[in-house]
Amino acid sequence: MLLQQQKQLDKLVSIITPSFNKADFIVQTVNSVIAQKYPYWEMIIVDDCSTDHSQHLLSNLTTKDTRISAILNEKNKGGNACRNQGLSLAKGEYVLFLDADDTLDEHCLSTRIEQTIKHPNADLLVFPMAIFKQNIEDMDATHNWIPPGKEANFLHLFLKHQLPWQTMQPLWRKNFINKIGGFDESFVRLQDVEIHTRALIGGAKVETFPNLKKDCNFR
């Protein structure tokens, strides 16, 4: 029984981060991943031909932890292409998309994996997120982005542009996001709205956790 529980807790999470000229923020973002209490993760950073000193920083960050890898694009492809690039390399059972100027709280992955065990059939698990400007929690908690409960019509909310969640809040089952074809690379804005709408139309089994404490931070 203990071995079975341990195996359930050993699920690999692939964290995919597109980055373009985020030298001012990328170290904080990566450090928030390294600080995770849950150890079974990989981080795939796809630098989209940055012109600042991001690539120099990434070369140092990848030596800091062997779970971090960086892909350095020679041509700018756009955020969605970078997300799909990372997705094609991901080894995890679950995937989290983390932008290069946002952060995770140290309990983020452990909380999310616990919920995958309780909801093994979910394709998409959605968690609360805080919003900040310069420093974590520098905005009042009333600004937190809390996903609605299951009584809500998620698709209806997206279609009305009353967005119930943002890119970083879901933990995706990789098999499902691959099944729906990943991100639409023709979108330069509202990429997360498009993919979440398409996932819901495609029959995604969604679990939301409005009563849990926030586990990530959106700049």
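Observations
- The residues of region 1-127 expose on average 45 square angstrom of accessible surface per residue, using a 1.4 Å probe on protein heavy atoms.
- Ranking ARG83, ARG198 by solvent-accessible area of protein heavy atoms (1.4 Å probe, all protein chains present), from largest to smallest, gives ARG198, ARG83.
- Pairwise label distance in nanometres, ILE201 with LYS37, each label 7 Å out on the Cα-Cβ vector: 4.0
- Shown here are the Rg and Dmax of the Cα trace of region 90-219, at 14.1, 39 Å.
- For region 20-178, the convex hull drawn through the C-alpha positions has a volume of 134 cubic angstrom per residue.
- Length gained on full extension, ASP138 to HIS161, computed as 0.36 nm times the residue gap minus the Cα-Cα distance: 5.6 nm.
- Where a label projected 7 Å from the Cα of LEU212 along Cα→Cβ would reach, residues of region 143-158 with amide N under 13 Å: 147
- Label sites at SER59 and LYS91, each approximated as a point 7 angstrom past Cα along Cα to Cβ, lie 2.5 nm apart.
- Each DSSP beta bridge with both residues in the chain is either parallel or antiparallel, and the antiparallel ones are about 30%.
The values are calculated or read from the model by the stated rules, or taken from the named source; none is laboratory data. Just so we're clear, the structure is a prediction, and the values are computed from it rather than from any experiment. All Cβ positions, glycine included, derive from the backbone under ideal geometry; neighbour counts span all protein chains shown. We work out accessible area using only protein heavy atoms, side chains counted, and drop any ligands, DNA or RNA first. Shrake-Rupley method; radii C 1.70, N 1.55, O 1.52, S 1.80 Å.
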